[in-house]
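Written below as structure tokens is the structure these notes are about.
Please treat every number below as a calculation from the coordinates, not as lab data. Since this is a predicted model, take the numbers as computed values, not measurements. Positions of Cβ are generated from backbone atoms using ideal geometry, with glycine treated the same way; all protein chains shown enter the neighbour counts.
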Amino acid sequence: GWAKSLEGYKSSGSKNTFAGAAFIAVGFWAWSEKGVLSDLTQVTRARGFDPVWLVLAVGVVAFILGFAGCVGALRENLCLLKFFSGLICFILFLELLVAVLAFVFKDTVRDWINEFFLVNIKAYRDDIDLQNIIDSLQKLKDWSASIYTKGCISALEEWLPRNIYIVAGVFIGISLLQVGT
């Protein structure tokens, strides 16, 4: 039991650590390409969502989880293993909390998402990363075959109820994967 689970985590923990370090490196590389590292005031002046923040956040969390789990398993350090387990439980709790709050406060979430889209569409030309994400999302649909008649929010509001079981299944699958690690 215990020794076998430690052996299994040693290899996956080191992969998480390396993946987290890679995400952090890519995030800082993207910032250096945009000139943010030479002028850090650009971080606070950004008008839209900077996708690099997401890459860096995922990298930091993956690195910390991988490091705590891997080193905790290698050294059989209960403190690091408890930290790892606690952080996994905390992340799972946050995910469930966000899902419940999003369900309870649907109108507020809809308004927030609408504002988020508007701000980012206005900042389309200001950030090359944001521009690439929006362009990639728009390439998912063949716009030449249809006429644009509704916005993103109303399309999402129509799509979500039809696919709620798929969305719930994906979230449950992700949660089970987190609990299983």
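If you stretched the chain out fully between Glu158 and Ala19, how much longer would it get, using 0.36 nm times the residue separation minus the C-alpha to C-alpha distance?
Result for the pair: 46.4 nm of gain on full extension.
For a Förster distance of 22 Å, can you work out the FRET efficiency between the beta-carbons of Ser85 and Val58, rounded to the nearest 0.05?
So the FRET efficiency works out to roughly 0.65.
Taking a threshold of 30 Å on the Cα-Cα distance, which of the pairs Lys34/Lys139; Lys34/Lys150; Lys15/Lys82; Lys15/Lys139 fall above it?
Listed pairs above 30 Å: Lys34/Lys150; Lys15/Lys139.
Between Ile166 and Thr108, what is 0.36 nm times their sequence separation minus the Cα-Cα distance? Round to one decimal in nm.
My answer for the length gained is 18.6 nm.
Can you pull the one-decimal nm distance between simple spin-label points at Val98 and Leu140, each 7 Å off the Cα toward Cβ?
Once both label points are built, they end up 1.6 nm from each other.
Can you tell me which of 83-96, 157-170 comes out highest on packing, and rank the rest after it, using the mean Cβ neighbours within 10 Å?
83-96, 157-170
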